[in-house]
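Values quoted throughout were computed directly from the atomic coordinates according to the rules given, and no laboratory measurement underlies them. Quantities reported herein were computed from a predicted structural model and do not represent experimental measurements. Neighbour counts run over all protein chains shown; Cβ positions are idealised from the backbone, glycine included.
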Amino acid sequence: MTAAATAVRERTRRAPHDRGRPVLSRFRLPWRLVGYGAVLGLGLLYLLPFALQLVTGFKTDPDAAAHPLSLLPTTPTTAAYQRLFGLSQAADGVPFLRWLGNSALIAVLVTAGRVLFDSMAGYALARLRFRGRSVLFGFVLAVMAVPGVALLIPKFLVLNTFGLFDTYTGMILPLMVDAAGIFIMKQFFESVPREVEEAARVDGAGVFRIFWSVVLPMARPALITLTILSFQGSWNEFTHFLVSTQSGQYETLTTGLARFVSGGLGGGTQYPLKLAAALLSTLPVAALFFCFQRYFVSGANAGAVKE
Amino acid sequence: MPIRTMRVSGAPRSTGSPGAPDSAPGETGTPAKARARRAGLRGEGTWGWLFVSPMVLVLGLFMVLPILMALWVSLLHWDGQSNPFSGQADFAGLDNYRSLLTQDGLDRTLFATSLRNNLYYVLLTVPLQTLLALGLALIVNQRLLRGRGALRTTFFFPSVTSSIAVSTVFLFLFQGSGAVNSMLSWIGVKGPNWFADSRGVLSLVLGGLGIVDPERPTGMLADHSTMGLSWFEWLSGPSVAMCTLILLAVWTTSGTFMLIFLAALQNIPRELEESAAMEGVNRRQMLRYVTLPALRPVLFLVLTLGLISTWQVFDQVYVMGQGAPGNTTLTPAFLSYSAGFDNADFGQGAAIAFILLALILVLTVLQRWALRERGARTGRNR
């Protein structure tokens with residue numbers, strides 16, 4: 001087994017090297033320069049908005065309006081950030097720390113719930129034999145096809161009827177399970193060799209023991225992907241919070257920022273503040289992204305195998 | 001230890017109803033074959049249902065039940081105040097659907113406007129994002145390109161950020177005197193006041209060519225109308241304001257689709273490319289006869305994923321216009337929301353949601369059907 005493993009490792013190590021060699025000859029030098037120029041331009045197109053966002057956060061309102069494109073603030077100021085963190089008096093209307101707290105609380109609880117419940121359901125659908133399993137899997141596929149925006153009013157109706165409208169429960173509970181996560185976990189558990197479970201079974205382990213101490217530890221890559229996707233999803237969630245709450249105390253970074261930005265249709269006013277708030281609300285997911293990019297990538301491709 | 005007791009009792013799993021699978025361990029009549037198959041684990045059925053019960057509860061309560069309730073509410077005139085299930089609400093039958101689809105009036109005109117807006121949004125966004133994503137994937141897949149990892153990260157990054165945050169950035173960039181218009185002024189173009197400009201792009205182009213007068217449309221275009229909207233309004237194209245939403249969508253989604261294309265590009269058998277290279281093909285022929293045919297299934301997947309997601313545009317509309325200017329950024333999803341929450345006409349809002357749901361489900365069924373066809377075919381070829 002070790003020999004085989006080494007051989008596999010050897011092959012995988014050599015493979016990228018092979019792939020690294022291009023099939024066709026290189027571009028001629030002038031074309032190469034043109035190509036690099038074009039690619040650089042494209043890259044700038046993707047980076048520049050974020051750079052401007054970062055810089056504008058340190059500008060004064062008049063400066064941001066007069067020089068929207070300059071990458072250096074004429075009179076650098078941290079006024080926007082001071083207001084966001086409640087360090088200056090003029091913070092009324094932007095309870096940023098409350099938004100941040102709500103977003104963090106919800107993201108942590110939803111992520112914990114999804115990781116546990118999605119992997120339980122995924123394992124049951126992949127491995128346990130029980131009546132109605134295939135019907136349930138069809139149900140999961142059907143739920144995945146239901147577009148979220150068509151459920152805005154329906155979700156409000158249910159939460160309102162159960163008395164969950166404008167509560168943390170109403171914000172968190174409906175997000176605790178997601179069909180796409182179940183699908184990812186089911187796919188993963190199906191790829192685990194059955195022999196592992198059978199060995200544990202011979203040793204007398206029950207279903208829950210096998211799941212918890214044998215299969216779940218093996219599922220680390222899938223669990224990390226699911227954790228990241230769940231955190232990103234709940235942190236960026238907007239529509240569900242929009243229809244499940246109305247009072248200011250439940251505003252999250254997304255709903256708070258959206259109401260602040262769309263309400264103040266006064267043109268160029270307060271852009272440093274708005275952009276600083278938007279930047280701060282992007283940071284946690286951005287940090288995750290730069291640390292765990294390959295899991296984001298596998299998450300994006302999981303969307304491609306929804307057949 | 002429930003498992004132990006199950007094992008001691010020695011009874012195979014019953015074939016009872018799915019609701020209570022293991023309620024009767026003493027039941028008889030399970031075929032011997034099934035018993036052998038299940039010899040390893042008793043109580044698997046109970047555990048199975050225990051494991052899926054959170055999923056069944058949450059998805060049932062917050063996905064299935066809402067749909068059923070909304071179906072009922074879409075048949076009512078309900079203002080969100082009383083209990084819609086007590087019978088006090090005004091039963092309206094298919095009135096809500098009728099006033100959206102067949103009855104002349106403001107509701108239908110608004111709905112038709114939102115459909116037109118979203119249709120142009122789809123028609124422009126889907127091809128643009130697909131082409132751009134394919135281009136980006138081909139670039140990042142160049143094996144000798146320096147910094148391709150960094151480029152991939154750069155292109156993908158906008159996709160992972162919150163839609164609200166990037167919409168805020170775009171609001172800033174596209175203001176009347178904002179960064180985009182400053183850049184346009186470098187090349188001598190005076191940019192429009194993006195978010196306040198409700199003129200249709202197509203009508204601007206046609207007006208510029210002198211074919212129609214956008215201010216005063218005449219003849220067939222003005223005289224005929226479909227669903228309460230004149231042909232001129234149907235054909236005037238997306239408004240300038242809607243174009244910013246389209247640009248935003250293309251910019252944020254191209255990274256995700258790039259990754260899907262990239263995975264497919266790296267799955268193309270190397271032997272195929274090598275043998276083509278030995279035949280002496282040039283780059284264009286390689287792309288035309290080797291790469292693109294190999295990407296066809298993924299191309300279809302990306303197109304349909306794009307079709308499905310572009311019909312759901314909501315967040316950007318909420319932040320960047322809420323329908324303004326002149327209802328030209330109104331989409332069915334946003335109309336459904338504002339009918340319920342702004343105008344307290346939840347019956348109408350639910351009806352719009354159902355029409356949208358039906359449209360998207362048709363697209364999804366189309367996608368799954370076509371992908372299944374393809375899967376079967378490639379399977380046979382192999």
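Observations on the model:
- Here r is the Cβ-Cβ distance between A:Leu45 and B:Arg283 and R0 is 25 Å; the resulting FRET efficiency, rounded to 0.05, is 0.55.
- Within 10 Å of each Cβ in A:99-111, the average number of Cβ atoms from other chains: 0
- Two numbers describe the Cα atoms of the range A:26-91: Rg and Dmax, which are 18.3, 61 Å.
- Residues whose amide H lies under 5 Å from that of B:Ser239, counting only those 5 or more places away or on a different chain, are B:Val201; hydrogens are built 1.01 Å from N in the peptide plane.
- Nearest 10 degrees, 0 to 90: helix A:293-302 Cα axis against chain A principal axis: 70 degrees
- Gap separating the Cα centres of the range A:224-293 and the range B:88-113, nearest whole Å: 35 Å
- Overall dimensions of the protein assembly as shown as given by Cα atoms, namely Rg and Dmax in Å: 27.8, 89
- Over all other residues within a Cβ to Cβ distance under 11 Å of A:Pro73, the charged ones net out to 0, with Lys and Arg as +1 and Asp and Glu as -1.
- Each label point was placed 7 Å from the Cα along the Cα-to-Cβ direction; for A:Arg129 and B:Asp90 their separation is 5.9 nm.
- In this rough spin-label picture, where each label sits 7 Å from Cα along the Cβ direction, the A:Ala142-B:Leu119 distance is 3.1 nm.
- Quarter the surface of the alpha carbon convex hull of the range A:130-183 and you get the mean projected area, 4.6 square nanometres.
- 3J(HN,Hα) along the range A:193-206: x, 5, 4, 4, 5, 5, 4, 5, 5, 4, 6, x, 7, x Hz, from the Karplus curve 6.51 cos²θ - 1.76 cosθ + 1.60 with θ = phi - 60°, whole Hz, x for Gly and Pro.
- Among B:Phe172, B:Phe300, the order by Cβ neighbours within 10 angstrom, fewest to most, reads B:Phe300, B:Phe172.
- Based on Cα contacts under 8 Å between residues 6+ apart, chain A shows a relative contact order of 26 percent.
- Spacing of the two label points (7 Å from each Cα toward its C-beta) at A:Ala104 and B:Asn193, in nm: 4.2 nm
- Chain A shape via C-alpha gyration tensor axes, a/c threshold 1.5: oblate
- Taken about its Cα centre, the range A:96-305 carries a charge dipole of about 140 debye when Lys and Arg each add +1 at the Cβ and Asp and Glu each add -1 at the Cβ.
- Average partner coverage of B:64-73, which counts Cβ from other chains inside 10 Å: 6
- Charge tally in the Cβ shell below 15 Å around B:Thr154, where Lys, Arg are +1 and Asp, Glu are -1, B:Thr154 excluded: +3
- When restricted to Cα atoms, the range B:142-275 yields an Rg and a Dmax of 21.1, 62 Å, respectively.
- For A:Ile224, A:Ile184, the sequence from fewest to most other C-beta atoms within 10 Å is A:Ile224, A:Ile184.
- The trypsin sites (Lys or Arg not before Pro) of the range B:144-192 that DSSP puts in a loop, and whose beta carbon has at most 15 other beta carbons within 10 Å, are B:Arg146, B:Lys190.
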